[in-house]
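Notes for the one structure printed next.
Computed from the coordinates by the stated procedures, all read-outs in this text should not be read as laboratory data. Computed from a prediction, not measured in an experiment: that's the story for all the values here. Cβ coordinates were reconstructed from backbone atoms using ideal geometry, including for glycine residues, and neighbour counts include every protein chain displayed.
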Amino acid sequence: MELLERGARCGGALETIRRDGFVIETGADSFLSEKTSAAELARRLGLGAELIPTREIYGKTFVVRAGRLVEVPAGFMMLATAHFGPVFLSPLFSPLGKLRMALEPFIAARTSGDDESLESFVTRRLGREVLDRVAQALAGGIYTADPKRLSTTATIPRFVEMERRHGSLFKGMRAAERARASKGPEVSGARWSLFQSFRNGMATLPETIAARLGGSIRTGAEVIAMSPTADGWRLALAGGGSIDADAVICAAPAYAAARIVSPLEPAAAKLLGGISYASAATVNLTFRESDFEGPPRAFGFVVPAIEHRRIIAASFSSFKFEGRAPAGAILARAFIGGELHREMMNLGDDEMIAAVRDEFRALLGVTAAPGITVVRRWPDAMPQYDVGHLARVAEIERLVAPIPAFAIAGAAYRGVGSPDCVRSGEAAADTIFAKLSTPK
């Protein structure tokens, strides 16, 4: 087996910088614990003891409203709640916005099974204010996407199913709450938090895999084309030369996969090329706790687009996870760019740092210069799950299925998180083993 990596290192958006007692994540900093593929892989690699939960004592999230941080109401998850009480007491929504939310249980369920945009779904069920104030910002923090285009079935299927099954998100949330309560504490046992990471950062996972694979990895090896041979495939490399392989799993971004697949299955290549991508950047900053008048003891905050600010979200890594910063220090990071703020990617690194400092000064009152600063750009790194995405993926999978000893995998298809990518890779490997074991 040989792994061909276009970049200089393995891991993609899982990159950790360990410096002066800080554990700095330049890409993904955690993964959903309810999606078990990543944690199960970690345990198979002997990393079970390295998994850590979030620090729930600081498990608050804020939203920027009118230039200040407002806490997301207790029990509010992404775009819905099982309890209206905290919502009614929150300054996050206007009286009319709260009234519109209260009408949600009485809004008729949609009968069509067609996919729908996040904007359409949220405004139809909960009103424009929930979209503008919370849903767009939270979805933007995950997918860096435009809610007018973002597919609900591909990104929030749980809520789509709630409407279908219960006729209401509120009723669906209440039913889920009752189901959890019925299990009882004696059944649930020790509970992990919603997110997990690794004691020494997310790069622990790809680093461990790379160490296991050893000399099987070739970095700086970009595949630009593939052609059939009598025994399998010949892969052409960007720098010249080629590699012969019995089978191929293509885990490249969809736009790169489209170029590779084009001579073999033009229709699949066209669909792959139709999956668009957004660019984003992270800016990590270190501070002393004394630099803050009152340290923001929370996981972070999101910034709705209607606030017209230059960052889309920020998180406080040293509050979110244990061991991310030395005693007396704070590690924070901001997110820049995305589909709705493409112009921010034109800034230089110093300009990005200055923009984040301006926002931290306005929103957090921090005027001190940061200690360490790390800017990491992720060009064309976030696949955009537009309306109809799952139907597009199903057709791509149908078209590439007959290609012998070939499979696709990656974040472009059925989930952008680490567990989704692990599951996608494992499914592709199963496909290849099945194809190779089938008599010709």
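For the reader, a short list of remarks on this structure follows.
- Gain on full stretching of the segment that runs from R178 to L194 - 0.36 nm per residue minus C-alpha separation: 3.9 nm
- At 0.890 mPa s and 25 °C, Stokes diffusion of segment 277-383 via Kirkwood alpha-carbon radius, µm² per second: 174 µm²/s
- For A280, distant residues with modelled amide H under 5 Å away: G338, W378, D380, A381
- Qualifying GluC sites (Glu not before Pro) in segment 1-73, DSSP loop, other Cβ atoms within 10 Å at most 14: E2, E34
- Among D20, D291, D115, residue whose mean-square fluctuation peaks in a GNM of the chain (springs only between Cα atoms under 10 Å): D20
- Pairwise label distance in nanometres, R124 with D20, each label 7 Å out on the Cα-Cβ vector: 5.2 nm
- Exposure proxy ranking, count of Cβ atoms within 10 Å, fewest first, for V134, V416: V416, V134
- Whole-percent pair-distance distribution, where bins are 20 Å wide, for the alpha carbons of the chain: 23, 56, 21, 1
- Result for the chain in a Gaussian network model with C-alpha springs under 10 Å: among T229, T26, T152, the largest mean-square fluctuation is at T229.
- Take every pair of alpha-carbon atoms less than 8 Å apart whose residues are at least six positions apart; their mean separation over the length of segment 215-329 yields a relative contact order of 14 percent.
- Multiplying the residue separation of E161 and A225 by 0.36 nm and subtracting their alpha-carbon distance yields 19.0 nm.
- Averaging the sequence gap over all C-alpha pairs within less than 8 Å and six or more residues apart, then dividing by the number of residues, gives the chain a relative contact order of 23 percent.
- Of K148/K320; K148/K270; K171/K320; K35/K270; K148/K171, those spanning more than 29 Å from alpha-carbon to alpha-carbon: K148/K320; K171/K320; K35/K270
- Ranking of S197, S227 by count of other Cβ atoms within 10 Å, fewest first: S227, S197
- Top of I57, I408, I24 by mean-square fluctuation, Gaussian network on the chain, Cα under 10 Å: I57
- Between E351 and E293, the contour length at 0.36 nm per residue exceeds the alpha carbon distance by 18.4 nm.
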